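Quick one: this structure, given as structure tokens, is what I'll be asking you about.
The values are calculated or read from the model by the stated rules, or taken from the named source; none is laboratory data. This is a predicted model, so every value here is computed, not measured. Positions of Cβ are generated from backbone atoms using ideal geometry, with glycine treated the same way; all protein chains shown enter the neighbour counts. To get the accessible areas, we keep the full protein, side chains included, count just its heavy atoms, and leave off ligands, DNA and RNA. Shrake-Rupley method; radii C 1.70, N 1.55, O 1.52, S 1.80 Å.
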Amino acid sequence: QVQLVESGGGLVQPGGSLRLSCAASVSLFSINRMGWYRQAPGQERELVADFDRWASTNYADFAKGRFILFKDNAKNTAYLQMNSLKSEDTAVYYCHLDQLDGPTRSVHWGKGTLVTVSS
């Protein structure tokens, strides 16, 4: 069973920063895609940012210029650095992994970490 352990959420002031971490129980070399989605109350879950097996990154428009996705292969961990946070960034953020392990492909989600941006 693949495990994704998220951390780093919390309460921040508008304009502040947070760094989210997602530690995977598998090597990042086995992935197809990995990154972060978010879901606000009453909204659909949406992509924030992710990367493919070649580390090519993809950002949602709202994240461009504010958020940075990066990884540490040795630690099997993906990070989302969030800067200049706005109230509309308030959501549960979920780590997402699309894994390819030999011929087996599977999709996994973390349990989510809450980010609240409020003064």
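Among the residues of the range 30-66 satisfying the criterion of being β-branched (V, I, T) and in contact (Cβ under 8 Å) with a residue 24 or more places away in the chain, which is nearest to T77 (Cα to Cα)?
Only one residue fits best here, namely I31.
Looking at S17, S27, can you tell me which residue is out of contact with any strand residue (DSSP E or B) (no Cβ under 8 Å at 6 or more places or on another chain), in contact (Cβ under 8 Å) with a residue 40 or more places away in the chain and open to solvent by 40 Å² or more (accessible area, probe 1.4 Å)? So that I can check it myself, show each step before the final result.
Details: S17 fails: out of contact with any strand residue (DSSP E or B) (no Cβ under 8 Å at 6 or more places or on another chain).
Only one candidate qualifies: S27.
I'm trying to understand the selection: among the residues of the range 30-45, which are crowded, with 20+ Cβ neighbours inside 10 Å and within 10 Å of Y94 (Cα to Cα)?
G35, W36, Y37, R38
Taking the range 46-72 as the region of interest, how many residues are assigned to a loop (DSSP other than H, G, I, E, B), among the basic types (K, R) and either surrounded by 14 or more Cβ atoms within 10 Å (Cβ to Cβ) or under 11 Å from the mean Cα position of the chain (by Cα) (or both)?
Number of matching residues: 2.
Identify, by number, the condition in (1) at pLDDT 95 or above; (2) assigned to a loop (DSSP other than H, G, I, E, B); (3) under 20 Å from L114 (Cβ atoms) that P41 doesn't meet.
(1) is the only condition that P41 fails.
Looking only at the range 97-116, decide whether some residue is surrounded by 19 or more Cβ atoms within 10 Å (Cβ to Cβ), of a type in the set (V, I, T) and on the phi < 0 side of the Ramachandran plot.
Checked against the condition, which is being surrounded by 19 or more Cβ atoms within 10 Å (Cβ to Cβ), of a type in the set (V, I, T) and on the phi < 0 side of the Ramachandran plot, the range 97-116 yields at least one hit.
Could you give me the residue pairs with C-beta distances under 9 Å whose first residue belongs to the range 105-117 and is farther than 19 Å from I31 by Cα, whose second residue is open to solvent by less than 30 Å² (accessible area, probe 1.4 Å) and modelled with pLDDT under 95 wherever it lies, and which are 6+ apart or on separate chains?
none
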